[in-house]
1. Quick one, can you get me the convex hull of the C-alpha atoms of the chain expressed as volume per residue in Å³?
2. For C167, C90, C18, C204, what's the fewest-to-most ordering of other Cβ within 10 Å of each Cβ?
3. If you rank H440, H422 by fewest surrounding Cβ atoms within 10 Å, what's the result?
4. Using the membrane-span-like helix rule (whole DSSP H runs, Cα extent along the own axis of at least 15 Å, mean Kyte-Doolittle hydropathy at least -1.0), which helices of the chain qualify?
5. Working from the alpha-carbon coordinates of segment 392-452, get Rg over Rh, Rh being the Kirkwood radius.
6. If I model a spin label as a point 7 Å beyond the Cα along the Cα-Cβ vector, how far apart are those points for A237 and A442 in nm?
7. Order of D149, D181, D345 from fewest to most other C-beta atoms within 10 Å?
8. Considering only segment 168-304, what is the antiparallel percent among its DSSP beta bridges, to the nearest 5?
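Just so it is clear, none of the values below were taken in a lab; they were calculated from the coordinates. Predicted model, so just to flag it, every value in this text is computed and none were measured. With ideal geometry, Cβ positions are generated from the backbone for all residues, glycine too; neighbour counts draw on all protein chains shown.
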Amino acid sequence: MRSYTGVLIGHLLFATVCLFPGPLALAVAYVAWSEGDDWAWIALTVGLAVSAAVPVMAHRAARQEFPRITRRDRLKDTSTDYADDTFVLCAPRSETGPPEAELVRADVLEASLVRYEPDDEGTFTTYGGDYAPAEFTPLVRLRLRVRRDEGAGRFEVAGEWRVPSLCLSAVTAGRLAVFVDPAAPSKVTPLWPRSALLAGTRTCRVVDLEGRVTDVTRRSGRQLEQMRLSRAAGGVALVGDTIHLGRLDPETAARYTALADRYSAFPEEQAPVSEPGEETRWITDGLPGGAGAFGSVRRRWARRGGHLVRARFLRMSGTTTFQVHGPVLDTVLRIRPADGSPPFDASRRLTVPMNYLAVLNHTQDVVLVATPDSTSFVVDWARTNLLAGVTTAQVVTPDGRVIPLPPRSPALWPLMNLLVSHAVSRPTPVLDLRTPRLRHLAGPVMDVLRSS
């Protein structure tokens, strides 16, 4: 497990090498001053100016590579009050399409990753204005069952589409919003941001004209009709995760109200988090981001009181910077301190792995590594991916029995904390209780499994 101090020292050395004329100028200035040369102050000024850039450059690089969450990252803008179950996903706006195109639902029957091969090797790449460049957008082959309106029938279509990383969970969930050209029904255009909404990844609420709030997340039928109303009105802004009818024009608000009344009379049940047959859409194994694990532990950190903390993403919005493992996103997290103190929100720019983004429909939980005094937090993606179900965990009992833990098992969190409390590293998703380092934890581990 790397530490921020180690990363900072590495970047200080690198910055010193890159800006070596600064320290060199200081040495020259000292020699010139000792010899009484008048131009010594020029070399001193140049040396101080260049040398001062060394810690600045190192700090910025270390903060980007090792994104700690500290007091300075606490959310200062309190104008937006996020509910605990809110998740706002700010993806590019879906295209409007030609007027004659039909906006319908499509079920993902099969999905397979065709290609994701960016040229860069772990470096940060920034683009000017191109939100989702092709080289950082996975190419996925999909087989879809398109649900046209009654009387028009259903049909299947297959093809390859580039899926924006923020919308990968729509493939896992299996529900897409698509345009169908009536003149050529086989021509299907997925609308990825709307698909993330239809999949339930992004929460959606409606505030009516009387101020009543209705949660329509994963009410796929109503959401699809709301999308059609929005399209007919020229676009309706989803502010945060909420549509305020009082902010719409009277005609559009009246149509939304009529739709709400109809679904109030005949309530719609929530669609499943993921449609049946998720295993045929599981492209997560081919996406970058690293496997899940019970995690590494630095003994000194653990013995001094270092611990794990759970947090939850409340908001993600894209930037124009990308990395091989995933996009660099502006995020808001709600952190729940382990000591029981009130949770707080923090805003931080993070590189979010692709394989984690693919399961956002299941969970937005994240695991943080906290310092003993709980003043600094770092996202642990290995533990986060295991907790999110990207990787399946196993426990091997002392007698050799293999106990598979289902994805997102409630036993994962207490097992991670148990290992940390005993300063035991396990950088794999398998707990083999036959190994000497884990043998003394066999009893507590089995107790956790029985109680979960």
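1. Numbers: hull volume 92.7 nm³, N = 452.
Convex hull volume per residue, Cα atoms: 205 Å³.
2. Values: C167 29, C90 16, C18 13, C204 20.
Ranked by crowding around the Cβ, least crowded first: C18, C90, C204, C167.
3. Details: H440 11, H422 14.
Sorted ascending by nearby Cβ count, the order is H440, H422.
4. Working: long enough: 4-18 (21 Å, 1.65); 21-34 (19 Å, 1.19); 40-65 (38 Å, 0.83); 220-232 (18 Å, -1.13); 250-265 (22 Å, -0.60).
The answer, listed by residue number, is 4-18, 21-34, 40-65, 250-265.
5. Working: Rg = 10.4 Å, Rh = 11.5 Å.
In segment 392-452, Rg relative to Rh is 0.90.
6. The two pseudo-label positions are separated by 6.3 nm.
7. Listed from fewest to most nearby Cβ atoms, that is D149, D181, D345.
8. Working: 8 of 11 bridges.
Of the beta bridges lying entirely in segment 168-304, close to 75 percent run antiparallel.
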